[in-house]
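The structure appears right after this line, and notes come after that.
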Amino acid sequence: MRFFCARCCSFGPEMPAVQLLLLACLVWDVGARTAQLRKANDQSGRCQYTFSVASPNESSCPEQSQAMSVIHNLQRDSSTQRLDLEATKARLSSLESLLHQLTLDQAARPQETQEGLQRELGTLRRERDQLETQTRELETAYSNLLRDKSVLEEEKKRLRQENENLARRLESSSQEVARLRRGQCPQTRDTARAVPPGSREDKFLRWLFLRGSSVHPGPFLPKVSTWNLDTLAFQELKSELTEVPASRILKESPSGYLRSGEGDTGCGELVWVGEPLTLRTAETITGKYGVWMRDPKPTYPYTQETTWRIDTVGTDVRQVFEYDLISQFMQGYPSKVHILPRPLESTGAVVYSGSLYFQGAESRTVIRYELNTETVKAEKEIPGAGYHGQFPYSWGGYTDIDLAVDEAGLWVIYSTDEAKGAIVLSKLNPENLELEQTWETNIRKQSVANAFIICGTLYTVSSYTSADATVNFAYDTGTGISKTLTIPFKNRYKYSSMIDYNPLEKKLFAWDNLNMVTYDIKLSKM
């Protein structure tokens, strides 16, 4: 330490030695030489401390008043610091009180906070699942569109080739017609009458010619009553007559119209499925898959011809198109459009005895909607049934619950967790939708493309895309026995999303990649 005085400073015993040292450090600057501290009794016997140091610069020590001033300043600084410390302690105490209160509040409401977090977590998980489902559906739709594009391109090539073949045949036919006109047909008013080009008679003659008949088309149709057989040459119309029952002709009608004899309730096992016959093609992508049907047990004001159609692509499917006549259905002119009170899900709907039966969207509820009055007559949850993608057919589409109709009435095809994904079949009361009887099969629902019921027997289809699919399983509810089958089934347009049986017409109705088709079937006699 470096001090500024050379004289000794003495203090009484009331000031401790430590304070003396501190006072020495505060009064004098740093860098002083060694100081000396002595203590001895004075004349009165009291202890006296003596502190001395030589100053290199000052000739005399500061006055005692200056040292006291420094001491007072130190005391004031100490007091100020004490007040600041007390204020800091007060603020710290306040913060501790607030922290304690927050801790108590958190302890009082842990359950409520945890439940709120769980709800938010559940909502986020559901949204994530929905996004993942939508992504998968979009990817599936995109791949299907690419496949459809390829199929359409192949179909385009095939049609172009057929058009070229027809053009060649038509050119050949036109040359033959011209030749016959020049040399073989008598052209007198007394023996023939003109056949207008494009008329029904002309088309008929061309049809006979293309089918290989010995009759050739020409501009004149012979009048049989005026032919002179001795002088004129003529083309002889030859035909083979085969006696065919009228009922067979009606049943083999290639159109989509109703056939006589279809009210026959004779049952048997399915032994054959015919080629698909296309009646209608959807106009937009919303008809990529859907369901169409006729009532096998129609009630007034509906008839056997009344047809219903539902395009099921979308998230809010409510429109049901109604056609009074089959011709209206085939031309795409609905006579009425029903708006359902709640959306339906997938392609499992049916019409039976004047009511539309369908599955409510995102639920296991089956709904009976009376078409004439446009009112809901009954609702019923199918106990334990999977829905919205839990147990669909192999093509997906939320086909967890599939309704069906056969000679015995109304059925529902589904699966449950208890059945571990196997097909469960229940007979429904058509009035109140109560389950009358239930069967559990050994057929895994997600391994088959679709299913339908004929005469109390469940049949499944192996694939929804293969052109050479099969009806591969049958389960007889009468015996409880299932068996494998290999009945050929054609997916002409390679995306069958709905297959149902109509017991009145003895046909299968299907929706195959925008196209509404029917299949003739044959049953073995019981």
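Test Leu425 against the criterion of being open to solvent by less than 10 Å² (accessible area, probe 1.4 Å), closer than 22 Å to Met498 by Cα and in contact with a Lys or Arg (Cβ under 8 Å, 6 or more places away or on another chain), and give yes or no. No, not satisfied. A count restricted to region 269-301 and to residues that are modelled with pLDDT of 95 or more, among the aromatic types (Phe, Trp, Tyr) and open to solvent by 20 Å² or more (accessible area, probe 1.4 Å) stands at 1. There is at least one residue in region 485-502 that is surrounded by fewer than 18 Cβ atoms within 10 Å (Cβ to Cβ) and within 13 Å of Ala451 (Cβ to Cβ).
The set of residues in region 114-157 that are in contact with a helix residue (DSSP H, G or I) (Cβ under 9 Å, 6 or more places away or on another chain) and open to solvent by 100 Å² or more (accessible area, probe 1.4 Å) is empty.
Quick check on Arg342: is it open to solvent by 60 Å² or more (accessible area, probe 1.4 Å) and part of a strand (DSSP E or B)?
Numbers: open to solvent by 60 Å² or more (accessible area, probe 1.4 Å): yes; part of a strand (DSSP E or B): yes.
Judged against the criteria, Arg342 is a match.
Out of all the residues in region 508-519, is one or more open to solvent by less than 20 Å² (accessible area, probe 1.4 Å), in a strand (DSSP E or B), more than 30 Å from Thr284 (Cα to Cα) and of a type in the set (A, V, I, L, M)? Give the derivation first.
Within region 508-519, the subset open to solvent by less than 20 Å² (accessible area, probe 1.4 Å) is 508-513, 515-519.
If we keep only those that are in a strand (DSSP E or B) too, we end up with 508-512, 515-519.
With more than 30 Å from Thr284 (Cα to Cα) added as a condition, the list becomes none.
No, the conditions are met nowhere in region 508-519.
Going by the structure shown, is Pro392 out of contact with any Phe, Trp or Tyr (no Cβ under 9 Å at 6 or more places or on another chain) and at negative phi? No; evaluated as a whole, the condition is false for this residue. If you go through region 494-503 and keep only what is at pLDDT 95 or above and either more than 16 Å from Thr347 (Cβ to Cβ) or among the aromatic types (Phe, Trp, Tyr) (or both), you end up with Tyr501, Pro503.
Would you mind finding the one in Gln134, Gln118, Gln81, Gln114 that is free of Cβ contacts under 8 Å to residues at least 40 places away in the same chain, within 30 Å of Gly397 (Cβ to Cβ) and either part of a helix (DSSP H, G or I) or within 35 Å of the chain's Cα centre (by Cα) (or both)?
On the way: Gln118 fails: within 30 Å of Gly397 (Cβ to Cβ); Gln81 fails: within 30 Å of Gly397 (Cβ to Cβ); Gln114 fails: within 30 Å of Gly397 (Cβ to Cβ).
It is Gln134.
Filtered by the rule that a residue be in contact with a strand residue (DSSP E or B) (Cβ under 6 Å, 6 or more places away or on another chain), assigned to a loop (DSSP other than H, G, I, E, B) and among the small types (Gly, Ala, Ser), region 351-380 gives a lone residue, Ala361.
Go through region 462-476 and give me each residue that's assigned to a strand (DSSP E or B) and either over 17 Å from Leu523 (Cα atoms) or in contact with a Lys or Arg (Cβ under 7 Å, 6 or more places away or on another chain) (or both). Scanning region 462-476 gives Ala469, Ala474.
How many of the residues in region 383-402 are hydroxyl-bearing (Ser, Thr, Tyr) and either surrounded by 23 or more Cβ atoms within 10 Å (Cβ to Cβ) or over 12 Å from the mean Cα position of the chain (by Cα) (or both)? Steps first, answer last, please.
Keep residues of region 383-402 that are hydroxyl-bearing (Ser, Thr, Tyr), which gives 387, 393-394, 398-399.
Of the ones still in play, those that are also either surrounded by 23 or more Cβ atoms within 10 Å (Cβ to Cβ) or over 12 Å from the mean Cα position of the chain (by Cα) (or both) are 393-394, 399.
Number satisfying all stated conditions: 3.
For region 281-332, the set of residues classified as within 24 Å of Gly354 (Cβ to Cβ), in contact with a helix residue (DSSP H, G or I) (Cβ under 9 Å, 6 or more places away or on another chain) and among the charged types (D, E, K, R) consists of Arg294, Glu305, Arg309, Asp311, listed by residue number. Taken as a whole, the condition of being open to solvent by 20 Å² or more (accessible area, probe 1.4 Å), under 21 Å from the mean Cα position of the chain (by Cα) and farther than 20 Å from Leu277 by Cβ does not apply to Ala349.
Within region 477-486, is even one residue hydroxyl-bearing (Ser, Thr, Tyr) and either outside any strand (DSSP E or B) or touching a Lys or Arg at 6+ places or on another chain (Cβ under 6 Å) (or both)? Yes, region 477-486 has at least one match.
Checking the condition over 21 Å from Gly409 (Cβ atoms) and in contact (Cβ under 8 Å) with a residue 40 or more places away in the chain, which residue from Tyr459, Tyr464, Tyr501 passes?
On the way: Tyr459 fails: over 21 Å from Gly409 (Cβ atoms); Tyr501 fails: over 21 Å from Gly409 (Cβ atoms).
From the options Tyr459, Tyr464, Tyr501, the qualifying one is Tyr464.
Somewhere in region 468-478, is a residue modelled with pLDDT of 95 or more and touching an Asp or Glu at 6+ places or on another chain (Cβ under 8 Å)? Checked region 468-478: at least one residue is modelled with pLDDT of 95 or more and touching an Asp or Glu at 6+ places or on another chain (Cβ under 8 Å). Note on region 442-461: residues that are out of contact with any Gly (no Cβ under 9 Å at 6 or more places or on another chain) and either open to solvent by less than 40 Å² (accessible area, probe 1.4 Å) or charged (D, E, K, R) (or both) amount to 11.
The values are calculated or read from the model by the stated rules, or taken from the named source; none is laboratory data. Since the model is a prediction, treat every value here as computed from it, not as a measurement. Because the Cβ atoms are built from the backbone with ideal geometry, glycine has one as well, and the counts that use them run over all protein chains shown. We work out accessible area using only protein heavy atoms, side chains counted, and drop any ligands, DNA or RNA first. Shrake-Rupley method; radii C 1.70, N 1.55, O 1.52, S 1.80 Å.
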